[in-house]
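J.: My questions will all concern the structure given below.
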Amino acid sequence: MSHAAAAAANDVIAYLDAHEKKSMLRFITCGSVDDGKSTLIGRLLYDTKLLYEDQLAALEADSKKVGTQGDKIDFALLVDGLAAEREQGITIDVAYRFFSTEKRKFIVADTPGHEQYTRNMATGASTADVAIILIDARQGVLKQTRRHSYICSLLGIRHIVVAINKMDLVDYSRAAFDKIEADYRAFASKLGFQSIVCIPLSALDGDNILEKSRNTRWHNGPALLPYLETIEVASDLSEAPFRLPVQWVNRPNLDFRGFSGTIAAGAVRPGDEIVVVPSGRRSTVKSIVTRDGELAAAGAHQAVTLTLADEIDISRGDIICAGKAPAEQTDQFAAHIIWMHDEEMIPGRQYLFKTANRMVTGAISELKHKVNVNTLEHMSGKTLELNEVGFCNVSTSAAIAFDPYAENRKTGSFIIIDRRTNNTVGVGMIDFSLRRAQNVHWQDLDVNKAARAASKHQRPCVLWFTGLSGAGKSTVANLVEKRLCDLGRHTYTLDGDNVRHGLNKDLGFTDADRVENIRRVSETAKLMVDAGLIVLVSFISPFQSERRMAREMVGDGEFIEVYVSTPLSVCEKRDIKGLYAKARRGEIKNFTGIDSDYEAPENAEITLDTSKVAAADAATAIVEHLKKNGYLA
Amino acid sequence: PAPARPARAPGAFAEMSHLDRLEAEAIHIMREVAAEAENPVMLYSVGKDSSVMLHLASKAFHPSRPPFPLLHVDTTWKFRDMYRHRDTIAKELGFDLIVHINEDGVRQGVGPFTHGSAIHTDIMKTQALKQALDKYKFDVAFGGARRDEEKSRAKERIFSFRSAQHRWDPKNQRPELWDIYNTKIHKGESIRVFPISNWTELDIWQYIYRERIPIPTLYFAKERPVVERDGSIIMVDDDRMPLAKGEKPKLEMVRFRTLGCYPLTGAVRSSATTLPEVIQEMLVSTSSERQGRTIDHDQSASMEKKKQEGYF
Ligand SMILES: Nc1nc2c(ncn2[C@@H]2O[C@H](COP(=O)(O)OP(=O)(O)O)[C@@H](O)[C@H]2O)c(=O)[nH]1
């Protein structure tokens, strides 16, 4: 009978009262194939009797059928032996398991994936307080051990248990254990862990799992489970300065304005002075509101609603901070990024960055170096691929509030979302801001955009022509420019071919180069808009995310997307430059429409198909659009 | 480095209890959805997990009302006590309640006795749920599933993405780190969100006990009219239940560990009439919760397949 059952049989109310107060610990187990990770987790589940008889019966049957331990129970089957899953080719990437003892509830992140190990381990580690690193006593510290330890330290795990497993196969040798412990401590000393505890184990036989084993009398440290039951991990966060990332503004009526969120660090009491980052506004806490009454104090991990003494403007994305120790804010920072998607990271491409409570657009402006997760060596590189770790500079479209990840995992982390597919493609941990004390201001010039535009009697804008090669972009753009010139307007045309001969002659046609090509053109167009011009840009610009980047660089209403939607068949028939024929023969690679995608705009301001309307009529339509919308005052 | 210090004695800022942590996590998830979703809904099945979800929602947004309605997908075969409980609770907590029934299924007379459990569940539950989500264009739907319930859920994300056809693709899940959740979707796609993923059955009971959350009386033992079918004890809840010749319901002290369509939900013999007694029985019990659910009796991969097809 389990401890729970035994206790409950006697006095269930006393049992419930006692168990209500137990704490929670999240840990991750890391090990290479066959180190005994599944056996260990299975053993913990089994020994804490979290299994019901029907599950046990299934386990015993499976052990006989496919187990590796003869007549003994194969605990590994409990966690990764899902035959049905294997048959269906479904792999578990990250699974969560639960067990509890009288003192604690445990959540175990189990990451058996091998190919995607970095990605999966990082996922499990991101919420873990403790990592158990398994080492096969016969093999000692291996390359994988280093990799697991590095990822744990990168993700901010402070407490490590080194489980030196399969001690039964080395005769419970103290010398073997001591050597592994010394090796491990030597290399882990630079990883910044707060505690490292080494325990000799046999996951299979249960040595030093629940209690200290008679086979290792020389071991003067704890057994695994008692250690996990007592290790303290909460102190760092509760002693740090107060942080409340505002998730949701609570406004049931005009008389109540509360700010809801989960406390990321520190403690708060009514009367505390606070400052809001990034706005810098100050106030004091009036009350901590819950449905069960107001609280006298609240601390890290609690989900609360605060009201303040003053009516100040606060919204989702802000962080309410201790008045004397505010978080930082920045729109440029250095961060470690782990790439999690098959589609590689492209510097300069616009992604969404989501922090604890805020979503902003931004780009990885520079990959400073990659980190080899096995050797920790720095390597140079242009992009990050799946499972790669890089140290990068990031710039965002708006300032975010943050703490360095090393100080706070909740306010120092972010995920990266692809704007087209909405997939989570990467994650990051902020190291530091690249702006020094906010003294980098934009030159505030006396003659500004509005003044320049006014002197030209026009509203500057970008007319962005996108479409396949041969669709008629340049033809229509030229006609429009002529008309505008006749009307006495000030214009300039940036054409794909022209720019590629000069500004962008160092760029080819890979996806990364295409992105950079568009980025430079967009920046140039932006300067010209600032100069007060109507800029006509005529580029195939096949990717939605880059067109969106261009759109977001200029102000609202300054970007007019003209989709020249002439179908591929027509463009290919025209083939004015003979390029389609070459592409079809394979002489040109990455040719849009042939072996490279064109993503059609979804919300273009103007769409026109030159196989249906004459170029002159198309130009007229565009000029009409400009007139009607006040660009030609 | 030395081993970490042992945990401090409980004091003003001692570690929060595991229930407090689980509660805070669920509230955080609910608020995140409220802040980012356009048209969220909470699926309400009237069971104990749903009861906990409702309670958490009313805490998360206090003093505001939860900013989403409840959706009950009604197969028309639930226990009568569940309908009673549903209507009372929704009103008490101030939720808007949407009830959706697959009217096509009703017209065709689909039911567990005539069509079998698989077809009934597919048409009246899985298809009905898809209909409702399409009809109201919900982009996020909260569910009360837990990872300890069965194997395929252990690996499911808290924010679990569904295609425009409501399919779950277990091989293509978004990585989920820290408590930062990716809520971005295209038109027509949706996300199922499971705020109590990390709770176990015992956590649920313990929380119901601590917070005094009302649950349907079916969870408590009472004399009920039952018949035995294929080893399951089935309650005769209304006269739609066909009885074999000579078959007579007998009155027995039984209760239910999970709730669903009455013809598909097995009871257990029990004398537990109070919450502590129920919990006590659960703690000494030797079979897992889902045993009572006919739908899981096939091989363990069946739930995973169902989920890929759009079952919650
Ligand atoms: N002798 C011995 N064998 C073990 C021990 N732990 C695991 N094993 C065996 O090592 C093999 C791999 O274990 P498994 O748990 O599947 O490893 P995983 O790949 O890390 O999950 C299995 O045959 C286990 O039975 C141990 O402590 N002693």
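Residues checked against (1) aliphatic (A, V, I, L, M); (2) surrounded by fewer than 15 Cβ atoms within 10 Å (Cβ to Cβ):
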position	(1), (2)
A:VAL162	yes, no
A:GLU181	no, no
A:ALA186	yes, yes
A:SER195	no, no
A:LEU201	yes, no
A:ASN208	no, no
A:SER213	no, no
A:THR216	no, no
A:ASP255	no, yes
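J.: While we're here: Give region A:541-563 a look and list any residue that's at pLDDT below 90, among the charged types (D, E, K, R) and over 27 Å from the mean Cα position of the chain (by Cα), or say none.
T.: Within region A:541-563, just A:ASP556 meets the criteria.
J.: Which one of A:ARG483, A:ARG452 is among the basic types (Lys, Arg), modelled with pLDDT under 85 and in a helix (DSSP H, G or I)?
T.: Details: A:ARG483 fails: modelled with pLDDT under 85.
Selected residue: A:ARG452, the only one of A:ARG483, A:ARG452 that is among the basic types (Lys, Arg), modelled with pLDDT under 85 and in a helix (DSSP H, G or I).
J.: Now, a different point. Name the single residue that is modelled with the highest pLDDT among those in region A:571-590 being surrounded by 15 or more Cβ atoms within 10 Å (Cβ to Cβ) and among the hydrophobic types (A, V, I, L, M, F, W, C).
T.: Checking each candidate, the answer is A:CYS571.
J.: Can you tell me which of (1) within 16 Å of the ligand (Cβ to nearest atom); (2) assigned to a strand (DSSP E or B); (3) not charged (D, E, K, R) is the one A:ILE160 doesn't meet?
T.: Just one mismatch for A:ILE160, condition (1).
J.: Further question on the same structure: Check region A:324-346 and report whether any residue there is within 14 Å of chain B (Cβ to nearest Cβ) and within 30 Å of B:HIS18 (Cβ to Cβ).
T.: Yes, because at least one residue in region A:324-346 is within 14 Å of chain B (Cβ to nearest Cβ) and within 30 Å of B:HIS18 (Cβ to Cβ).
J.: Picking from B:PRO225, B:PRO263, which residue would you name as being at pLDDT 95 or above and farther than 30 Å from A:ASP17 by Cβ?
T.: Values: B:PRO263 fails: at pLDDT 95 or above.
From the options B:PRO225, B:PRO263, the qualifying one is B:PRO225.
J.: Of all residues in region A:591-628, count the ones that are open to solvent by 60 Å² or more (accessible area, probe 1.4 Å) and touching a residue at least 60 places away in the same chain (Cβ under 8 Å).
T.: Residues flagged as open to solvent by 60 Å² or more (accessible area, probe 1.4 Å) and touching a residue at least 60 places away in the same chain (Cβ under 8 Å) within region A:591-628 amount to 0.
J.: Among the residues of region A:295-306, which ones are open to solvent by 10 Å² or more (accessible area, probe 1.4 Å) and touching a residue at least 12 places away in the same chain (Cβ under 8 Å)? Spell out how you get there, then give the answer.
T.: Taking region A:295-306 and keeping what is open to solvent by 10 Å² or more (accessible area, probe 1.4 Å), we get A:295-297, A:300-303.
Result: A:ALA296, A:ALA297, A:ALA300, A:HIS301, A:GLN302, A:ALA303.
J.: Among the residues of region B:48-80, which ones are outside any helix (DSSP H, G or I) and within 10 Å of another protein chain (Cβ to nearest Cβ)?
T.: To start, the set of residues in region B:48-80 that are outside any helix (DSSP H, G or I) comprises B:61-79.
Hits for region B:48-80 are B:PHE61, B:HIS62, B:PRO63, B:SER64, B:ARG65, B:PRO67.
J.: To continue, here is another question. Any chance you could count how many residues in region A:513-543 are surrounded by fewer than 18 Cβ atoms within 10 Å (Cβ to Cβ) and more than 30 Å from A:ASN448 (Cα to Cα)?
T.: 1
J.: Only one of A:LEU204, A:LEU169, A:LEU224, A:LEU191 is within 14 Å of the ligand (Cβ to nearest atom) and at pLDDT below 95. Can you tell me which? First the steps, then the outcome.
T.: On the way: A:LEU169 fails: at pLDDT below 95; A:LEU224 fails: at pLDDT below 95; A:LEU191 fails: within 14 Å of the ligand (Cβ to nearest atom).
Answer to the check: A:LEU204.
J.: Would region A:61-71 turn up any residue that is of a type in the set (D, E, K, R), at pLDDT below 65 and part of a loop (DSSP other than H, G, I, E, B)?
T.: Scanning region A:61-71 turns up at least one residue that is of a type in the set (D, E, K, R), at pLDDT below 65 and part of a loop (DSSP other than H, G, I, E, B).
J.: Looking only at residues in region A:9-32 that are under 27 Å from the mean Cα position of the chain (by Cα) and in a loop (DSSP other than H, G, I, E, B), which one is farthest from the ligand (Cβ to nearest atom)? Write out each step before concluding.
T.: As a first pass, look at region A:9-32 and keep what is under 27 Å from the mean Cα position of the chain (by Cα): A:24-32.
Retained after the next criterion (residues that are in a loop (DSSP other than H, G, I, E, B)): A:31-32.
Numbers: A:GLY31: 5, A:SER32: 7 Å.
The qualifying residue farthest from the ligand (Cβ to nearest atom) is A:SER32.
J.: I need the full set of residues from region A:450-474 which are surrounded by fewer than 19 Cβ atoms within 10 Å (Cβ to Cβ) and among the hydroxyl-bearing types (Ser, Thr, Tyr), in order please. Can you show your working first?
T.: First, the residues of region A:450-474 that are surrounded by fewer than 19 Cβ atoms within 10 Å (Cβ to Cβ): A:450-452, A:454-457.
Scanning region A:450-474 gives a single hit, A:SER455.
J.: Output the number of residues of region A:266-288 satisfying the condition of being small (Gly, Ala, Ser), crowded, with 18+ Cβ neighbours inside 10 Å and not in a strand (DSSP E or B).
T.: Of the residues in region A:266-288, 1 are small (Gly, Ala, Ser), crowded, with 18+ Cβ neighbours inside 10 Å and not in a strand (DSSP E or B).
J.: May I pose another question? Looking at region A:359-410 only, could you name the residues that are among the β-branched types (Val, Ile, Thr), touching an Asp or Glu at 6+ places or on another chain (Cβ under 8 Å) and within 14 Å of another protein chain (Cβ to nearest Cβ)?
T.: The answer is A:THR361, A:ILE400.
J.: Tally time: how many residues in region A:230-248 are part of a helix (DSSP H, G or I) and touching a Pro at 6+ places or on another chain (Cβ under 9 Å)?
T.: Of the residues in region A:230-248, the ones part of a helix (DSSP H, G or I) are A:230, A:235-239.
Add one more test, that the residue is touching a Pro at 6+ places or on another chain (Cβ under 9 Å), and what stays is A:230.
Qualifying residue count for the region: 1.
J.: Report, ordered by the first and then the second residue, all pairs with beta carbons closer than 9 Å, sequence separation of six or more or different chains, a first member in region A:223-240 that is more than 10 Å from chain B (Cβ to nearest Cβ), and a second member that is open to solvent by 30 Å² or more (accessible area, probe 1.4 Å) and modelled with pLDDT under 85.
T.: Once the first residue is more than 10 Å from chain B (Cβ to nearest Cβ) and sits in region A:223-240, its partners that are open to solvent by 30 Å² or more (accessible area, probe 1.4 Å) and modelled with pLDDT under 85 give A:LEU225/A:ASP47.
J.: Determine whether A:ILE28 is more than 7 Å from chain B (Cβ to nearest Cβ), at pLDDT 65 or above and out of contact with any Lys or Arg (no Cβ under 8 Å at 6 or more places or on another chain). Don't jump to the end; show me each part of the working.
T.: Numbers: more than 7 Å from chain B (Cβ to nearest Cβ): yes; at pLDDT 65 or above: yes; out of contact with any Lys or Arg (no Cβ under 8 Å at 6 or more places or on another chain): yes.
Considered against the rule, which asks whether it is more than 7 Å from chain B (Cβ to nearest Cβ), at pLDDT 65 or above and out of contact with any Lys or Arg (no Cβ under 8 Å at 6 or more places or on another chain), A:ILE28 comes out as yes.
J.: Against the condition modelled with pLDDT under 95 and more than 10 Å from chain A (Cβ to nearest Cβ), how does B:SER45 come out, does it pass? Give the steps one after another, and end with the answer.
T.: Working: modelled with pLDDT under 95: yes; more than 10 Å from chain A (Cβ to nearest Cβ): yes.
Spelling it out, B:SER45 is indeed modelled with pLDDT under 95 and more than 10 Å from chain A (Cβ to nearest Cβ).
J.: When region A:164-179 is examined, which residues are found to be outside any helix (DSSP H, G or I) and buried (at least 22 other Cβ atoms within 10 Å of the Cβ)? Step through it out loud before you land on a result.
T.: Of region A:164-179, the ones outside any helix (DSSP H, G or I) are A:164-166, A:171-173.
Result: A:ILE164, A:ASN165, A:LYS166.
J.: Mind listing whichever residues of region B:151-168 are within 10 Å of chain A (Cβ to nearest Cβ), open to solvent by less than 40 Å² (accessible area, probe 1.4 Å) and at pLDDT below 90?
T.: B:SER152, B:ARG153, B:ALA154, B:LYS155, B:GLU156
J.: Now for a separate question. Examine region B:234-246 for a residue that is at pLDDT below 95 and touching a Ser or Thr at 6+ places or on another chain (Cβ under 7 Å), and state whether such a residue exists.
T.: The answer is no; no qualifying residue exists.
J.: Looking at A:ARG243, A:ARG282, A:ARG269, which one is within 19 Å of A:ILE400 (Cβ to Cβ) and either modelled with pLDDT of 95 or more or away from chain B (no Cβ under 12 Å) (or both)?
T.: On the way: A:ARG282 fails: within 19 Å of A:ILE400 (Cβ to Cβ); A:ARG269 fails: within 19 Å of A:ILE400 (Cβ to Cβ).
On inspection, the qualifying residue turns out to be A:ARG243.
J.: Checking the structure you have, find out if any residue of region A:31-46 is surrounded by fewer than 22 Cβ atoms within 10 Å (Cβ to Cβ), within 23 Å of B:GLU150 (Cβ to Cβ), modelled with pLDDT under 90 and of a type outside the set (Lys, Arg). Outline the logic, then answer.
T.: Start the filter on region A:31-46 by keeping residues that are surrounded by fewer than 22 Cβ atoms within 10 Å (Cβ to Cβ), which leaves A:32-34, A:45-46.
When the remaining residues are screened for being within 23 Å of B:GLU150 (Cβ to Cβ), the result is A:45-46.
Narrowing the set further to residues that are modelled with pLDDT under 90 leaves A:45-46.
Cutting the leftovers down to of a type outside the set (Lys, Arg) gives us A:45-46.
Checked against the condition, which is being surrounded by fewer than 22 Cβ atoms within 10 Å (Cβ to Cβ), within 23 Å of B:GLU150 (Cβ to Cβ), modelled with pLDDT under 90 and of a type outside the set (Lys, Arg), region A:31-46 yields at least one hit.
J.: Which residue, of A:VAL233, A:VAL249, is among the aliphatic types (A, V, I, L, M) and crowded, with 21+ Cβ neighbours inside 10 Å? Write out each step before concluding.
T.: Working: A:VAL249 fails: crowded, with 21+ Cβ neighbours inside 10 Å.
Selected residue: A:VAL233, the only one of A:VAL233, A:VAL249 that is among the aliphatic types (A, V, I, L, M) and crowded, with 21+ Cβ neighbours inside 10 Å.
The values are calculated or read from the model by the stated rules, or taken from the named source; none is laboratory data. Fair warning: this is a prediction, and the values are worked out from it, not measured in the lab. Positions of Cβ are generated from backbone atoms using ideal geometry, with glycine treated the same way; all protein chains shown enter the neighbour counts. Heavy atoms of the whole protein, side chains included, go into the accessibility calculation; ligands, DNA and RNA do not. Shrake-Rupley method; radii C 1.70, N 1.55, O 1.52, S 1.80 Å.
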